[in-house]
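Undergrad: To start, I am sharing the structure in question, which I have written as structure tokens.
The values are calculated or read from the model by the stated rules, or taken from the named source; none is laboratory data. Worth saying up front: this structure is predicted, and the values here are computed from it rather than measured. Note that we place each Cβ from the backbone using ideal geometry, even for glycine, and neighbour counts take in every protein chain shown.
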Amino acid sequence: MEPTFSRILKDYQERHQITQNETATKLGISVRTLQNWEIARNMPRGFGLRALIEALAR
């Protein structure tokens with residue numbers, strides 16, 4: 001079974017031992033946006049997706 005986007009995001013936070021607030025700051029998004037991504041209410045698009053890819057690549 002392939003992991004979901006929200007699981008990948010949570011795993012990233014756990015591996016790097018960072019909080020939602022730290023993750024949101026690193027990605028340049030609000031904590032609420034991050035929380036919505038984590039529960040799959042919304043998914044990143046446009047700027048959010050680009051910021052996510054760039055931040056996770058570092």
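Undergrad: Just name the residue that is farthest from Lys10 (Cα to Cα) out of those in the stretch 25-43 that are charged (D, E, K, R) and surrounded by 14 or more Cβ atoms within 10 Å (Cβ to Cβ).
TA: Top of the filtered list is Lys26.
Undergrad: What residue, among those in the stretch 24-40 that are modelled with pLDDT under 90 and among the hydrophobic types (A, V, I, L, M, F, W, C), is nearest to Ile53 (Cα to Cα)?
TA: Taking the candidates together, the pick is Leu27.
Undergrad: Could you list, ordered by first residue, the pairs with Cβ atoms under 8 Å in which the first is in the stretch 15-35 and part of a loop (DSSP other than H, G, I, E, B) and the second is of a type outside the set (Lys, Arg), at least 6 apart or interchain?
TA: Once the first residue is part of a loop (DSSP other than H, G, I, E, B) and sits in the stretch 15-35, its partners that are of a type outside the set (Lys, Arg) give Thr19/Gln13; Gly28/Ala51; Gly28/Ala55; Ile29/Gly48; Ile29/Ala51; Ser30/Ala24.
Undergrad: Please enumerate the residues belonging to the stretch 36-49 that are part of a helix (DSSP H, G or I) and touching a residue at least 24 places away in the same chain (Cβ under 8 Å).
TA: Trp37, Glu38
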